[in-house]
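Take a look at the structure set out below.
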Amino acid sequence: MPYDTNETLPAPVQAHLPAHAQDIYRVAFNHAWDRYHVDAIAHRVAWAAVKRRYVKADGDWVEKPRAELR
């Protein structure tokens with residue numbers, strides 16, 4: 001079940017991630033869904049993609065400094 005827009009993402013994703021992280025999640029989920037057609041795998045891939053770029057700090061998801069992205 002690919003997501004067309006960020007507004008169609010699961011409520012917890014929308015409530016907890018900033019807009020750019022939602023974009024990353026949606027794109028990664030859709031690519032994984034196209035490849036595996038398994039919801040649980042696609043969600044894991046999507047969260048992994050978000051965690052490459054964002055980190056949870058004081059309860060909020062914030063973008064990692066550029067130096068940490070390497």
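What follows is calculated from the coordinates using simple rules that are stated; it is not laboratory data. These numbers come from a predicted model, not from an experiment.
With Cα atoms defining each centre, the range 1-23 and the range 30-70 are spaced 12 Å apart in the structure.
Structure remark: mean-square fluctuation, Gaussian network model of the chain, C-alpha springs under 10 Å; the largest value among 11, 42, 19 belongs to 11.
Sorted largest first, the principal axis extents computed over the alpha-carbon atoms of the chain equal 34, 25, 17 Å.
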